[in-house]
Amino acid sequence: MLFPRSSSDLQAVLINTAGGVTGGDRFEQVFTAGATSELTLTTQAAERAYRAQPGQVGRIVTHVKVGEDARANWLPQETILFDGCAMQRTLTVDLADTARLTFCEPLVFGRHTMGETLRQGSFHDKVSITRSGHLLYLDAIKLDGAITEHLSQMAIADGAGAMVSLVHVGSDAEGHLAAVRHLLPTTGGASLVLPDVLVMRALAPDSFALRQFLCPILTRLTGRALPRPWMI
């Protein structure tokens, strides 16, 4: 991890020295934002889920704990799925009563400009966010087999090449809703599942189009510029 200088919050940049994740890899990480602190977590670059050998799966397990009156911003750059990938990923966030959170997870289904097609692959992703032991958000994605063909169906993703899931927990959630909806394309949507919990999901043709609307949304929700690696 690297810790760039910041005038306000602590920024931590996760670095995967392997350059990606493939079958048999195991990553486990635990982060804690103590009471009244602010922690921003991001990645050095886009994570890559590479081709795996038959029967092998890459696994990433992450646990984030946010204390009273603390704030965590989970802002990794895109995860790019490659043909033949096999990845299982789990993220658990435990919030104290007065904790705040901005969670964002962008996903890219192959590099569009390289003409890549996911003819075969496996990607299982699960996100759980609780507050004082009570479930606020639970989401799971399971993609197996010919992923590109599956996503090409109109009722599923209509050929989209990228997707983002976002959750914002804070007393200002309702105040952001109209602005977030205005910034979204017609392939996205945002709702309040609770007065202080905003949930958003959107599809885009590729990662470039995704960033065009995602970056201003994240800047608004966090109240500050995105971490420097997003701009490199």
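Amide H contacts for VAL64 (H built 1.01 Å from N in the peptide plane; partners 5 or more residues away or on another chain; cut-off under 5 Å): PHE31, THR92, VAL93, ASP94. Overall, segment 1-95 carries a charge dipole of about 300 debye about its Cα centre when +1 sits on the Cβ of Lys and Arg and -1 on the Cβ of Asp and Glu, all other atoms neutral.
Measuring nothing but how far apart in sequence close Cα pairs (under 8 Å, 6+ apart) lie, relative to its length, segment 32-79 scores a relative contact order of 66 percent.
The angle separating the long axis of helix 173-183 from the principal Cα axis of greatest extent in the chain is about 40 degrees. With K and R counted +1 and D and E -1, the other residues having a Cβ less than 10 Å from that of HIS124 yield a net charge of +2. With all protein chains kept in place, the per residue accessible area of segment 144-232 amounts to 49 square angstrom at a probe of 1.4 angstrom.
In percent, rounded to a whole number, the relative contact order of segment 84-135 is 63, using alpha-carbon pairs under 8 Å and six or more apart. All other residues whose Cβ lies under 12 angstrom from that of ALA157 are scored, Lys and Arg at +1 and Asp and Glu at -1, for a net of -1. Counting charges near LEU194 (Lys, Arg +1; Asp, Glu -1) among other residues having Cβ under 12 Å from its Cβ returns a value of -1. Would segment 43-174 count as rounded, prolate or oblate if I go by the C-alpha gyration tensor, calling it rounded below 1.5 in a/c and otherwise prolate when a/b exceeds b/c, oblate otherwise? Prolate is the answer for segment 43-174, as a/c is 1.5 or above and a/b outweighs b/c. Among 165-176, 70-81, the peptide with the highest mean count of other Cβ atoms within 10 Å heads the list, and the full ranking is 70-81, 165-176.
Tell me, what is the percent relative contact order of segment 37-159, built from C-alpha pairs under 8 Å that lie six or more residues apart?
Relative contact order of segment 37-159: 23 percent.
Note on ALA225 and ARG26: the model spin-label points, each 7 Å out from Cα along the C-beta direction, lie 4.1 nm apart. Exposure check, 1.4 Å probe, all protein chains in place: SER207 carries approximately 40 Å² of accessible surface.
Potential lengthening of the chain between THR17 and LEU138 amounts to 40.5 nm, from the contour at 0.36 nm per residue minus the alpha-carbon distance.
Once you sort the root eigenvalues of the Cα gyration tensor of segment 75-142 as a ≥ b ≥ c, which label holds: rounded (a/c under 1.5), prolate (a/b larger than b/c) or oblate (the other case)? Because a/c hits 1.5 or more and a/b exceeds b/c, segment 75-142 counts as prolate.
Could you tell me the calculated FRET efficiency between VAL61 and ASP206, based on Cβ-Cβ distance and R0 = 35 angstrom, to the nearest 0.05? Efficiency at R0 = 35 Å is approximately 0.75.
For segment 1-111, the solvent-accessible area with a 1.4 angstrom probe is 45 square angstrom per residue. Close amide H contacts of LEU118 (hydrogens built in the peptide plane, cut-off under 5 Å, sequence separation of 5 or more or a different chain): THR148. Three principal axis extents of segment 97-182 based on alpha-carbon atoms, in descending order, are 45, 31, 23 Å.
The values are calculated or read from the model by the stated rules, or taken from the named source; none is laboratory data. For clarity, every value in this text was computed on a predicted model and none was experimentally measured. In this analysis, Cβ positions are derived from the backbone assuming ideal geometry, glycine residues included, and neighbour counts consider all displayed protein chains. The protein model used for the area step is the full one, side chains on, heavy atoms only, and it has no ligands, DNA or RNA in it. Shrake-Rupley method; radii C 1.70, N 1.55, O 1.52, S 1.80 Å.
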